[in-house]
Every structure is written in structure tokens, then in C-alpha cells.
Amino acid sequence: MATTVTINSITSGLTPYDIWVCDYCNGTCQFITTITNGDLPYSFTLPSIYETYPNYVIKLIDDNGCTYCQENVIYKQFEDSTFFDFMDGNPFEFQ
């Protein structure tokens with residue numbers, strides 16, 4: 001089943017932004033596209049290779065070449081296919 005990823009806002013850096021999906025911040029990455037703030041919210045289908053990974057990260061590279069990536073975000077999927085991220089990195093099991 002395909003997973004949709006949505007970027008709702010970007011609060012740092014200089015537009016445009018290159019969007020990448022990676023197994024971890026300095027790991028293997030796949031380029032998705034380049035967007036500007038006017039493209040937000042932006043949704044894309046997660047590349048199928050990442051469907052089997054327990055975690056993945058979204059990496060942004062801004063127009064100055066600055067990289068924004070955070071590895072301690074845990075993504076959870078609920079039955080309605082909505083993803084939530086927990087910034088403390090602690091997984092939570094919903095019953």
C-alpha cells in the first residue's frame with residue numbers, strides 16, 4: 001500500500017528547497033523534487049523501497065546549501081492512514 005507524505009510547512013532556510021527521502025540523515029537518499037513555500041502543503045508518494053523500512057527521514061536542502069534533517073522523529077501510522085510524529089523520539093503504542 002502506498003504511503004503519502006505531506007510537508008505542511010517549512011520554518012527555516014531559504015527557498016527553493018530540494019526534498020529528499022533517506023533511510024537516515026547521512027544515509028542512502030532518493031531525490032523527490034524541488035519546491036518553494038508557495039507549493040506548501042506538498043504531498044508525495046513515498047518511494048516503494050522505503051515502505052519496508054521501520055523509519056525514514058525527510059531531508060531538505062535549501063538554496064544556500066544548508067541541510068535540514070532530524071533523525072529522532074518517530075512516525076506512526078494509524079488505521080485512518082494519518083501519520084503523527086513524536087519529537088521526543090519515544091514510541092507510543094496506541095490501543
Query - Candidate set from region 39-72 (those that are more than 14 Å from the chain's Cα centre (by Cα) and β-branched (Val, Ile, Thr)); member that is farthest from residue 26 (Cα to Cα) - result: 52
Query raised in the report: Out of all the residues in region 47-66, is one or more without any contact (Cβ under 8 Å) to a residue 40 or more places away in the chain and on the phi > 0 side of the Ramachandran plot?
Result: yes
Report task. Being aliphatic (A, V, I, L, M) and within 17 Å of residue 70 (Cβ to Cβ) is the filter; apply it to region 1-31 and report the residue that is farthest from the chain's Cα centre (by Cα). Result -> 10
Query raised in the report: Of all strands (runs of 3 or more DSSP E) completely enclosed by the chain, which ones contain at least 2 residues that are loosely packed, with under 13 Cβ neighbours inside 10 Å and at pLDDT 90 or above?
Result: 29-35, 42-45
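The values are calculated or read from the model by the stated rules, or taken from the named source; none is laboratory data. The model shown is predicted, which means the values in this text are computed figures rather than measured ones. Counting neighbours? That spans all protein chains shown, and the Cβs are built from the backbone with ideal geometry, glycine included.
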